[in-house]
1. Can you give me the distance in nm between label points at THR236 and TYR22, each placed 7 Å from the Cα along the Cα-to-Cβ direction?
2. Leaving out ligands and nucleic acids, and using a 1.4 Å probe, what accessible area per residue does the chain come to in Å²?
3. Please count, across the stretch 1-148, the pairs of lysine residues with Cα atoms under 23 Å apart that sit 8 or more places apart or on different chains.
4. Compute the Cα gyration tensor for the stretch 111-234, then decide on rounded, prolate or oblate, letting a ≥ b ≥ c be the square roots of its eigenvalues: rounded whenever a/c is under 1.5, prolate when a/b is larger than b/c in the other cases, and oblate in all that remain.
5. If we count every other residue with Cβ under 14 angstrom of ARG166's Cβ, Lys/Arg +1 and Asp/Glu -1, where does the sum land?
6. What is the distance in Å between the Cα centroid of the stretch 93-156 and that of the stretch 1-37?
7. Calculate, in nm to one decimal, what MET118 and ASN263 gain on full extension: separation in residues at 0.36 nm each, minus their alpha carbon distance.
8. Nearest 500 deg cm²/dmol is fine: what mean residue ellipticity at 222 nm does the chain get from its DSSP H runs of n ≥ 4 alone, each adding -39,500 (n - 2.57), divided by its residue count?
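The values are calculated or read from the model by the stated rules, or taken from the named source; none is laboratory data. Worth saying up front: this structure is predicted, and the values here are computed from it rather than measured. Cβ placement follows ideal geometry from the backbone for every residue including glycine, while neighbour counts extend to all protein chains displayed. For accessibility, only protein heavy atoms count, side chains too; no ligands or nucleic acids. Shrake-Rupley method; radii C 1.70, N 1.55, O 1.52, S 1.80 Å.
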Amino acid sequence: MSYELPEKLKNLPKYDPVTEIYRVRLDANESFLEMPEDIKKEILEAVSKVEFNRYPDPNATELCRKFGELFDVKPELLTAGNGSDELISIIVPNFLGEGDTMLTILPDFSMYTFYTRMVGARAEALNKDENMKITPEQIIAKAAQCNARLLVFSNPCNPTAVIMSREDILKVVGAVDAMVVVDEAYMEFTEGSVLNEIENYENLIVLKTCSKAFGMAAIRLGFAAANARITNILKTLKAPYNVNSMTQAAGCVILSHREYLENCTARIKESVRSLYQEMKTLAEKKKDIQRLYPTATNFLYIKTERSGEIFEALKQEGISIRNMNGYLRISAGSREENQELVQALDRLFQ
Ligand SMILES: *Cc1c(COP(=O)(O)O)cnc(C)c1O
């Protein structure tokens, strides 16, 4: 017997999240807000009614209805997934054939290109300028030049925190011969969603997640919104019972609390606003901070040649952030967490 692994499975590039638990966790752009006890109770009650011997609702009907209500989208145009991560893992390999080209705009979320190798597709990238911006014209030209079949990017962007205008996005969607996936994981923190445009285009998928502003990273819940034709395809491609009954039950409870969710979003926005102000003050007196980018998200993106060193030193103090090779990405935390971070950076930066 001799077994040889497929080439594409050898030397897989690993996604490298922080796995140790630190005292102050500002590395994953999660919400720092804990779920209130009364909502937790409501969730437990809903979960206790789950029929554990039965498969979940394959269409997550009630969940899509709740999400649709909240975002003013027709529920039949939504596909639920185990986080938007799962939806990305379904879309990327399936909307590409062997030899096809996917275009990304760097820097961006690293998982987009991972799945291209699974189908032998090519990944092309376009680089943003030093302001972390790019024009629609540049994207359109590059997509045409490399004959892109799929274009995926986050807006606002993780990790740069910068947003592209809705008008520019739609210009791109209308001009390219590619399926365009706009990952709006952080759109709750700002304005400029293209969610209400899904029926106006043949080639637009919008991804939403409950992991960031809504503080539900633990239950793994995300949605893809697209026109009926694309939604039908996504629902056929996904595993039939992908979102488990407990997540569906918990998600239905939380998504019913509009006021709570709006309040969470407002508190996170307030946190990131004040962290930005403090970091701006710090950047003015520390030459190590070469650049602090404006943020449309719940995190900051900072250019510093000492990113590796600072990252390690913060870890020693029990504070975790993301080191991105010459840049740091820092999620906004509670008032105390932000304070601790700023004090540590004040000591570490020169
Ligand atoms: C966090 C994040 C996701 C992942 O969301 P899940 O719904 O938790 O899988 C997707 N895209 C971007 C850009 C993110 O930052």
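1. Between THR236 and TYR22, the label points sit 4.6 nm apart.
2. Values: 17080 Å² over 350 residues.
With the other protein chains kept in place, the chain gives 49 Å² per residue.
3. Values: LYS40/LYS49; LYS40/LYS66; LYS41/LYS49; LYS41/LYS66; LYS49/LYS66; LYS66/LYS74; LYS128/LYS142; LYS133/LYS142.
Lysine pair count for the stretch 1-148: 8.
4. On the way: a/c = 1.33, a/b = 1.19, b/c = 1.12.
Here the stretch 111-234 falls in the rounded category.
5. On the way: positive: LYS171; negative: GLU167, ASP168, GLU184, GLU191, GLU197.
Once all neighbours under 14 Å are counted, the net charge is -4.
6. Taking the Cα centre of each part, the stretch 93-156 and the stretch 1-37 sit 22 Å apart.
7. Numbers: separation 145, 0.36 × 145 = 52.20 nm, distance 4.11 nm.
Taking 0.36 nm per residue and subtracting the Cα distance, the gain is 48.1 nm.
8. Details: 11 runs with 133 residues, N = 350.
It comes out at -12000 deg cm²/dmol, rounded to the nearest 500.
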